1. Pick out the one residue from B:Leu321, B:Leu329, B:Leu349 that is among the hydrophobic types (A, V, I, L, M, F, W, C), part of a strand (DSSP E or B) and closer than 26 Å to B:Cys232 by Cβ.
2. Scan region B:275-303 for residues that are within 17 Å of B:Pro332 (Cβ to Cβ) and out of contact with any Gly (no Cβ under 9 Å at 6 or more places or on another chain) and report the count.
3. Considering only residues that are closer than 18 Å to A:Asp254 by Cα, touching a residue at least 40 places away in the same chain (Cβ under 8 Å) and not charged (D, E, K, R), which ones fall in region A:193-213?
4. Consider A:Thr170 carefully, then state whether it is assigned to a strand (DSSP E or B) and either farther than 18 Å from B:Leu131 by Cα or aliphatic (A, V, I, L, M) (or both).
5. Being more than 17 Å from B:Glu168 (Cβ to Cβ), modelled with pLDDT of 95 or more, within 14 Å of another protein chain (Cβ to nearest Cβ) and surrounded by fewer than 22 Cβ atoms within 10 Å (Cβ to Cβ) narrows it down to one of B:Glu298, B:Glu366, B:Glu386, so name that one.
6. Quick check on A:Ser214: is it of a type outside the set (A, V, I, L, M, F, W, C) and within 13 Å of chain B (Cβ to nearest Cβ)?
7. Does region B:1-22 hold any residues that are over 21 Å from B:Thr84 (Cα atoms) and either of a type outside the set (S, T, N, Q) or buried (at least 16 other Cβ atoms within 10 Å of the Cβ) (or both), and which are they?
8. Could you list all residues from region A:142-166 that are under 24 Å from A:Arg382 (Cβ atoms) and more than 16 Å from the chain's Cα centre (by Cα)?
There are 2 protein chains.
Amino acid sequence: MTIPPAPPRGFDTAEFARRIDRAQRLMRAHNFDGLVLTTPHNIRWATGFDSQFWESPTRPWFITLPADGAPIAVVPEIGAPQFTETWLDDIRTWPSPRPEDDGASLLADVLNTLPRSSGRIGFELGREMALRMPVTQFLDLRDRLPGVELADGAEVIWAIRMVKTEAEITHIRHICQIASAAYARVPDLVRPGMTEREAARALRIELAQQGADSTPFLPAISGPGGVPQIVCGPGDRVLRDGDVLFFDTGSTFDGYWCDFDRNYAVGALPDAARRTQDAMWRATDAGIAAARPGATAEDLFHAMAAIIQEVGPTDNNVGRLGHGLGMQLTEPPSHMFGDRTVIEEGMVLTIEPGVEYTPGKMIVHEENIVIRADGAELLTTRAPREMLIIQ
Amino acid sequence: MTIPPAPPRGFDTAEFARRIDRAQRLMRAHNFDGLVLTTPHNIRWATGFDSQFWESPTRPWFITLPADGAPIAVVPEIGAPQFTETWLDDIRTWPSPRPEDDGASLLADVLNTLPRSSGRIGFELGREMALRMPVTQFLDLRDRLPGVELADGAEVIWAIRMVKTEAEITHIRHICQIASAAYARVPDLVRPGMTEREAARALRIELAQQGADSTPFLPAISGPGGVPQIVCGPGDRVLRDGDVLFFDTGSTFDGYWCDFDRNYAVGALPDAARRTQDAMWRATDAGIAAARPGATAEDLFHAMAAIIQEVGPTDNNVGRLGHGLGMQLTEPPSHMFGDRTVIEEGMVLTIEPGVEYTPGKMIVHEENIVIRADGAELLTTRAPREMLIIQ
């Protein structure tokens, strides 16, 4: 399986200008004077700034995006050399760590100079977001900004990020192709008698060799005819005849993720597992077919559930049948009952039907797609209808 | 270089009982009726629960640790199968995603039944912590708990986590030994003419082959005679004669991290770089010698700074000369002016002297140690006094 050449890393200034222009239109529509970004993904989306140093919780970082005009970086000194290489011109720093005031007073100064219209500044306070600064410092900041409402900016931020640019889609396709190629090699890498952990290590190395930058998410779970859960592991269980081996990966290329799984049959599968496998494969097809502009996330759920019910209950502990994807392993929307998010051109989604067809035995499929004007385009290489065999 | 056999994965129930007993003594001393944990590291510390699924921001997870009695898990259904395998008995779940109430009402029920003494419940609100739940839901929760003070629990949580058990130290030593062995092989893996990115990929694969579970942090930065910064990269710069190649890694084994760097000379180094290298090596020795029970983090800073000043300024953009280490890449304390944290037996620390000896050229060393009654024990294999050569 040949992976197309890697796209150029990073994005040009015109791309960022388009992103910010679209963001500012949405901000004005949602009545925000500015947005403050603190999380790695949101900051990278707006600035291109890339670092693995987010693993250190010591220092907060801030990007202020005014409703008009250029973004302003308020970052610890350790980040200054690399921030000057981004497209941003206005970069302010403080000596950090400084636990008594790690950037809050400097950020307050910036926010106090923003032109006020609504008086509302959006922060990452709501849905599927966790503010990356101490809550105590956020509450202090609020006290430093009388007359300003620090409001929940999560809905507008997700509205901005859910629709991807063509350059972002190219990045996601590339990591999807890398992982597709690595998954195709699993029958060469894994043997019965290996542990889940040994199998996962072999796939982790293969992903790096195929060109993945990192692999933050790689569960490897096995069980006779299906798996009990899909989010923990690998463990030390030994692969045996009749097992399903479930691999899932969120690997990255230049800050963009894939998130899709593959199931392998260790030797011969029980009939019930084979029937379930076929139903999940068809449910995936149904989900892909339903994913068109104008449909809702809930419509995708129903399209998949109509087939899942052939073999088992349509509710399982995952709680949804796929979700958004991009700079994080999962993003809104959720393909579930009650999520009426309208699917738009440019959204990247996972299609993830799964079923616990008998207690303790789940089979879950997953592919990644991008929404085009006339329907879904597959970013992954579609899984074969029958599981590949490990022998 | 031979790595000792891996220690057993996970920890027995007696270990968790000891951790909780110590935590509860500190909680009572700090006047908390309970602590609520939401972040991966704190939850794993208390329960042993391991998942890579924290990469998905969709669902919050909660552990309530009462001042007396057993911890209570309040987790989304997707996590229930694996939570029943931890040492916890009291596991409550809700069907998630449920954006309108993702666990908050269930958590409020649990907190309302805790015995009240001080009326204070600690949350991860302060120093070097970011609450892993939407702030809007945290503020809602506060409204659901009249008469309860949701206070900053960060200081008590860090007091608990800063001192490691012997089993934790064994885990950290193992990943330090894995990374030491991988670093020793760099002269076999890297050649002049490779890019930083190619060099990093070679080391990433070597770390996995030596037994690292994951490598979330692996900057690879190069520059003539030194590097301009130490937290971003790798990039596409090509390694040339006279360069310093700086590698740093936070890799993990069973949830525990190493965090130490190594510098390599590409061909022959300029004299000023060689002098700086020697000073940083001696500064590291001085930091290790100063790291004894009863000293403060600030004392460690001064011990290293006394030697750094031979070759350049003692303030650089990193802002400190080392820090705590354990379940995260960096933890308190910070070896810097003003951090009076008293060093105790069982603390695991990095010793990280660095200097920008001329503008744009930094050399930074780093080792990992554990504090014993009579001084520091090295967990890493000490770097050679002269840089290994890439040729």
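The values are calculated or read from the model by the stated rules, or taken from the named source; none is laboratory data. This structure is a prediction, so every number in the text was calculated from the model and none was measured. A quick note on method: Cβ atoms are made from the backbone with ideal geometry, for glycine too, and the neighbour counts reach across all protein chains shown.
1. Working: B:Leu321 fails: part of a strand (DSSP E or B); B:Leu329 fails: part of a strand (DSSP E or B).
Answer to the check: B:Leu349.
2. The qualifying residues number 3.
3. A:Leu207, A:Gln210, A:Gly211, A:Ala212
4. Details: assigned to a strand (DSSP E or B): no; either farther than 18 Å from B:Leu131 by Cα or aliphatic (A, V, I, L, M) (or both): yes.
In short, no.
5. Numbers: B:Glu366 fails: surrounded by fewer than 22 Cβ atoms within 10 Å (Cβ to Cβ); B:Glu386 fails: within 14 Å of another protein chain (Cβ to nearest Cβ).
Result of the check over B:Glu298, B:Glu366, B:Glu386: B:Glu298.
6. On the way: of a type outside the set (A, V, I, L, M, F, W, C): yes; within 13 Å of chain B (Cβ to nearest Cβ): yes.
For A:Ser214, the condition - of a type outside the set (A, V, I, L, M, F, W, C) and within 13 Å of chain B (Cβ to nearest Cβ) - is met.
7. So the first thing to find is which residues in region B:1-22 are over 21 Å from B:Thr84 (Cα atoms), and the list is B:1-7, B:21-22.
Selection gives B:Met1, B:Ile3, B:Pro4, B:Pro5, B:Ala6, B:Pro7, B:Asp21, B:Arg22.
8. Within region A:142-166, A:Glu166 is the sole residue that qualifies.
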